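Q: Structure incoming, see below.
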Amino acid sequence: DDRVVALNYLRADYHRTGGFSHNAIANGQVVYIRYSSFSSSASSSQLNYVLNRYPEAKGVVLDLRQNGGGSVENIWNILRLFAPEGEAPLLYHTQLKNGPDHNDFTPLEEVYAPENTTSYDTYTKPVVVLTDRGCYSATSFFALSCRAYPNITTVGDTTGGGLGIPNGGQLPNGWYYRFSITRTLDPQGNNYENGVPPEVQLLLDPQSTANGRDNLIDYAVELILSGK
């Protein structure tokens, strides 16, 4: 509920940095970031500014609910500042459709977590990412990638899917067509084209909403402050 979030979490004194709307919640102990579209600006420098604005916070809630996707580049810009220590982990495999038969695909290509090649410090505190069925395309890619990061936990509902890169065109009669030309598999070979499940399944509670609270954000705050 945008109104509940605006009134009781972002509040009137919130800040806007690129595509990020943000403020401190839980008495300044947690950073709440609302990112509603991967089509909106999300550079590593902008995220670094947001994270460093709240140096005393114990963690971050990154709210991606109802984010319909956008630029894949913004996925890497965000994940670059959460780079895990040591060797970059495998995020997923991708394949390109290359023939008419059902299983005609190119060999699997491995996609690894981006390294932090910026001059900014890597953020190692807990991060809780909120997702729901309104998350598509780039947001589903992001949710899948988060599984490889030890300090990131996904909470909410399964994403809407859309892990294939689309292609399309126009037919002579004027009809437009659009379909996926790739497929994405997690490191274990699972296909989440119809949606990436969260690590913690939690649905929005109508009673909490009626009382002006968002139970997913509140749960994320508890998770961060508990240190788990």
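The values are calculated or read from the model by the stated rules, or taken from the named source; none is laboratory data. This structure is a prediction, so every number in the text was calculated from the model and none was measured. Glycine gets a Cβ as well: all are built from the backbone with ideal geometry, and neighbour counts include every protein chain shown. Accessible surface areas use protein heavy atoms only, side chains included; no ligands, DNA or RNA. Shrake-Rupley method; radii C 1.70, N 1.55, O 1.52, S 1.80 Å.
Q: If you go through the stretch 49-108 one residue at a time, how many are closer than 15 Å to residue 141 by Cα, open to solvent by 40 Å² or more (accessible area, probe 1.4 Å) and among the hydrophobic types (A, V, I, L, M, F, W, C)?
A: Matching residues across the stretch 49-108 total 3.
Q: With the structure loaded, tell me whether residue 32 is open to solvent by less than 50 Å² (accessible area, probe 1.4 Å), in a strand (DSSP E or B) and closer than 18 Å to residue 186 by Cα or whether it fails that test.
A: On the way: open to solvent by less than 50 Å² (accessible area, probe 1.4 Å): yes; in a strand (DSSP E or B): yes; closer than 18 Å to residue 186 by Cα: no.
It is false that residue 32 is open to solvent by less than 50 Å² (accessible area, probe 1.4 Å), in a strand (DSSP E or B) and closer than 18 Å to residue 186 by Cα.
Q: Identify the residue in the stretch 206-227 that is open to solvent by 60 Å² or more (accessible area, probe 1.4 Å) and within 17 Å of residue 156 (Cβ to Cβ) and, among all such residues, is farthest from the chain's Cα centre (by Cα).
A: 206
Q: Shifting gears a bit: Across the stretch 144-169, what is the number of residues that are touching a residue at least 12 places away in the same chain (Cβ under 8 Å) and either more than 11 Å from the chain's Cα centre (by Cα) or under 17 Å from residue 180 (Cβ atoms) (or both)?
A: So the count comes out to 17.
Q: Determine which member of the set 81, 130 is touching a Gly at 6+ places or on another chain (Cβ under 8 Å), modelled with pLDDT of 95 or more and under 24 Å from residue 49 (Cβ atoms).
A: So the residue among 81, 130 that is touching a Gly at 6+ places or on another chain (Cβ under 8 Å), modelled with pLDDT of 95 or more and under 24 Å from residue 49 (Cβ atoms) is 130.
Q: How many residues, within the stretch 184-228, are of a type in the set (Lys, Arg) and modelled with pLDDT of 95 or more?
A: 1
Q: Of the conditions (1) in a loop (DSSP other than H, G, I, E, B); (2) surrounded by 15 or more Cβ atoms within 10 Å (Cβ to Cβ), residue 12 satisfies every one except a single condition; which number is it?
A: Here residue 12 clears every test but (2).
Q: Additional query: Restricting attention to the stretch 195-227, report how many residues are in a loop (DSSP other than H, G, I, E, B), touching a Ser or Thr at 6+ places or on another chain (Cβ under 9 Å) and not small (Gly, Ala, Ser).
A: The qualifying residues number 5.
Q: Which residue is surrounded by the fewest Cβ atoms within 10 Å (Cβ to Cβ), if the candidates are limited to the stretch 158-194 and must be in contact with a helix residue (DSSP H, G or I) (Cβ under 8 Å, 6 or more places away or on another chain) and part of a loop (DSSP other than H, G, I, E, B)?
A: That would be 186.
Q: Being in a strand (DSSP E or B), touching a residue at least 12 places away in the same chain (Cβ under 8 Å) and either open to solvent by less than 30 Å² (accessible area, probe 1.4 Å) or touching a helix residue (DSSP H, G or I) at 6+ places or on another chain (Cβ under 9 Å) (or both) is the requirement here; does residue 42 meet it?
A: When the stated conditions are applied, residue 42 does not pass them.
Q: Let me ask something additional. If residue 120 satisfies all but one of (1) under 18 Å from residue 74 (Cα atoms); (2) free of Cβ contacts under 8 Å to residues at least 60 places away in the same chain; (3) open to solvent by 50 Å² or more (accessible area, probe 1.4 Å); (4) in contact with a Ser or Thr (Cβ under 7 Å, 6 or more places away or on another chain), what's the number of the condition it fails?
A: (2)
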